[in-house]
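Step one of this worksheet: look at the structure below.
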Amino acid sequence: MRLGAARFVAGEDLDACMAVLRRLNERGLLTNSLAPNRLDHRYLIEDVPYGLVALAELAQVADVATPPMKSLVSISSVLASRNFWVEGRTLDKMGLSGIAAKITRTDVRQVDA
């Protein structure tokens with residue numbers, strides 16, 4: 001039995017999304033999750049500001065688009081009632097505030113090699 005995941009991902013139909021969640025719940029797939037069950041979990045209040053913010057800032061310097069990452073930081077900030085863009089590990093806090101004028105995408109690729 002298909003769960004209607006294609007419609008859920010495309011966001012075409014709220015009723016279809018709710019039906020998918022109901023089916024998953026009926027099968028017990030959502031009840032025994034090992035995922036965090038609260039918003040003050042370290043996945044949100046540590047990993048986002050100190051991981052995603054740093055990566056998003058470095059990506060911006062390298063001119064790499066990261067819309068999903070930026071969205072996750074912004075949504076997480078709202079959920080936690082905090083501003084992770086301010087609290088997080090910014091270029092300035094990493095001592096890299098002047099790096100934007102000196103680094104290029106080629107430099108980033110060379111570090112990865």
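The values are calculated or read from the model by the stated rules, or taken from the named source; none is laboratory data. Small disclaimer: the values here were computed from a predicted structure and weren't measured. Note: ideal-geometry Cβ built from the backbone for every residue, glycine included; neighbour counts use all protein chains shown.
Among the residues of the stretch 25-63, those that are modelled with pLDDT under 85 and either touching a helix residue (DSSP H, G or I) at 6+ places or on another chain (Cβ under 8 Å) or surrounded by 14 or more Cβ atoms within 10 Å (Cβ to Cβ) (or both) comprise L30, T31, P36, L39, D40, V61, A62, D63. Applying the criterion of being assigned to a helix (DSSP H, G or I), over 20 Å from I45 (Cβ atoms) and of a type in the set (A, V, I, L, M) to the residues of the stretch 64-113, the residue that is modelled with the highest pLDDT is I99.
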